[in-house]
Amino acid sequence: MTLYQRDRTWHPPALAPDYKTSVARSPRQAMLSLEATASELSGPRFGHSDIAPGDNDLITNYAKGGDPVGERIIVHGRVLDENRRPVPHTLVEIWQANAGGRYRHKKDQYLAAIDPNFGGCGRTLTDADGRYAFRTIKPGAYPWRNWVNNWRPAHIHVSVFGHSFAQRLITQMYFEGDPLIAHCPIVKSIPDPRAIEALIAPLDLNEAKPLDCLAYRFDIVLRGRRSTFFENRPEGN
Amino acid sequence: MDYLKETPSQTAGPYVHIGLAPAAAGFDIYEHELGFDPVSEDVPGERITVTGRVIDGMGAPVKDVLIEVWQADASGRYADGAEGFRGWFRVVPDFETGVFTLNTIRPGANGRQAPHLSLWLVARGINVGLQTRMYFPDADNSADPVLNLIEQPHRRATLIATGGKGSYDFDIHLQGEKETVFLDV
């Protein structure tokens, strides 16, 4: 078994000068490319004993006697691999700012208010078909220090494991129709517009809950795995 | 061809701790945070401590990094379930100094691979999580297939910790003369 080569031209390059922090944090030497070994083909496993059933409901998982402020939404989708196979029972974790664009983090100093009823993180395991769902509040845009007037589009950070440590992925989900997407140096660190499109979740009215909350759909694709045709590994395939 | 493309990566940003280590971000939300359990007493193997820093191209510590560690058990086997020694940790440095500490067990050799920890680094300014490895200075690394793929001996040394007797130091350099070898794997 092996993994498909990661298409490094599809991902953002390490050095994206318009995203200034990448300048001092991007390796300059060529990476060492190699086929995955047992160390990368394996990966941590998680089970239902690791998480609690309500961990995927950000409207209630930190509420202190009231609901958080903001637009109520469901974010749902599937985790698939490049072969269109569902990735079941894998851990999906998200984190985000509140409706005002403020993070619950001791290092965030933005002037928008902390929401006492909103933590801003959630986690879940995909089901047997690779499906996941979160209920949350639509995050607000916020300013950040890069150029003097940069604003992040509304986004949710998403972390996914897959079954192999080399499938590990962190990305950000954006919202259909957000005019700030086109102005964001972090978004534009991705060179191919089709790749950016893959991070923009469309509104999914069919999954909205009438008189309660809207829904957005975000499918996630992890690296594909294959059994090679002429496997010669002594330990078998 | 009917393949899908992998979802493109985006930086984990400065507040990655909210999602993956909320206690470090400054709040208490989950009954059980993942990746921070100490190794339980019944797990066989030599207890080791690894300390280090991730250092940027200006020589400054990357204080907002989050590192995931994946490793074999003392016999060289990788866990395939959620029970027993999972072999996976999350490491967050001290936000003031950038120094991280990992308490784990020494992994065994896996096939021809010398004992090592697999590391995955994410932070603000890192657009795609960086994969690397830490090997041990007091192990026989001579036949390791990954170390032997690195042509320049001084670069091979960037993957080998210093110290010994269960206590190791491992700094990861993102740039410069001591730039760590990162893996495209």
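The distance linking the stretch A:180-199 with the stretch B:19-76 is 31 Å (Cα centroid to Cα centroid, whole angstrom). With a Förster radius of 45 Å applied to the C-beta separation of B:Asp42 and A:Ala113, the computed FRET efficiency comes to 0.45.
Give A:Lys20/B:Lys63; A:Lys106/A:Lys188; A:Lys107/A:Lys138 a once-over and call out the pairs whose C-alpha atoms are over 20 Å from each other. Among A:Lys20/B:Lys63; A:Lys106/A:Lys188; A:Lys107/A:Lys138, the Cα-Cα distance tops 20 Å for A:Lys106/A:Lys188; A:Lys107/A:Lys138. Based on C-alpha pairs under 8 angstrom that are at least 6 apart in sequence, the stretch A:131-237 has a relative contact order of 17 percent. Pairs of C-alpha atoms in chain A farther apart than 34 Å represent 20 percent of all such pairs.
Each of A:Thr60, A:Gly43, A:Ala24 was scored by the projection of its Cα onto the charge dipole of the stretch A:17-84, and the greatest displacement toward the positive side belongs to A:Ala24; charges sit on the C-beta of Lys, Arg, Asp and Glu.
Rounded to the nearest 20 debye, the dipole magnitude of the stretch A:129-237 is 320 debye, with +1 charges on Lys and Arg beta carbons, -1 on Asp and Glu beta carbons, and the Cα centre as origin. Among the GluC sites (Glu not before Pro) found in the stretch B:31-63, those both in a DSSP coil and sparsely packed, with 14 or fewer other Cβ atoms within 10 Å of their Cβ, are B:Glu31, B:Glu41, B:Glu46.
Using θ = phi - 60° in the Karplus curve 6.51 cos²θ - 1.76 cosθ + 1.60, the 3J(HN,Hα) couplings for the stretch A:112-126 round to 4, 6, 5, 9, x, 9, 10, x, x, 9, x, 7, 7, 9, 5 Hz; x is entered for Gly and Pro.
Total buried accessible area between A and B, probe 1.4 Å, nearest 100: 7100 Å².
Neighbours of A:Ile114 by Cβ distance under 12 Å: Lys/Arg scored +1, Asp/Glu scored -1, total +2. Taking the Cα centre of the stretch B:6-54 as reference, the dipole from Cβ charges on Lys and Arg (+1) and Asp and Glu (-1) amounts to some 340 debye. When +1 charges are put on Lys and Arg Cβ atoms and -1 charges on Asp and Glu Cβ atoms, the dipole computed for the protein assembly as shown relative to its Cα centre reaches about 800 debye. Can you give me the Cα centroid spacing of the stretch A:1-38 and the stretch A:127-167 in angstrom? Their Cα centres are 20 Å away from one another. Which longest run of chain A has no exposed loop site in it, a site being trypsin sites (Lys or Arg not before Pro) in a DSSP loop with at most 10 other beta carbons within 10 Å, and the site itself not part of the run? It works out to A:146-237. In the stretch A:1-108, taking the dipole from charged Cβ atoms about the Cα centre, the farthest positive-side position among A:Leu3, A:Asn83, A:Gln96 is held by A:Gln96.
In chain A, Cα pairs under 8 Å separated by at least six residues give a relative contact order of 27 percent. The portion of the accessible surface of the protein assembly as shown made up by carbon and sulfur, rounded to a whole percent, is 52 (1.4 Å probe; DNA, RNA and ligands excluded). Proximity of backbone amide H atoms, modeled 1.01 Å from N, is registered between A:Leu203 and A:Glu176 at under 5 Å, excluding neighbours fewer than 5 places apart on the same chain. These residues, A:Phe218, B:Phe85, B:Phe36, go from largest to smallest accessible area, 1.4 Å probe, as B:Phe36, B:Phe85, A:Phe218.
Sorting A:Met1, B:Met58, B:Met1, A:Met173 by solvent-accessible area of protein heavy atoms yields B:Met1, B:Met58, A:Met1, A:Met173, largest first, with a 1.4 Å probe. Here the contact order of chain B, divided by its residue count and restricted to Cα pairs under 8 Å and six or more residues apart, works out to 24 percent. For the stretch B:164-181, backbone phi angles converted through the Karplus equation (6.51, -1.76, 1.60; θ = phi - 60°) give residue-by-residue couplings of x, 6, x, 10, 10, 10, 8, 9, 10, 9, 7, 8, x, 4, 9, 3, 5, 6 Hz, Gly and Pro being listed as x.
The values are calculated or read from the model by the stated rules, or taken from the named source; none is laboratory data. Keep in mind it's a predicted model, so treat the numbers as computed, not measured. So basically every Cβ, Gly included, is an ideal-geometry build from the backbone, and we count neighbours across all protein chains shown. When the accessible area is computed, the model is the full protein with side chains, heavy atoms only, and any ligands, DNA or RNA have been set aside. Shrake-Rupley method; radii C 1.70, N 1.55, O 1.52, S 1.80 Å.
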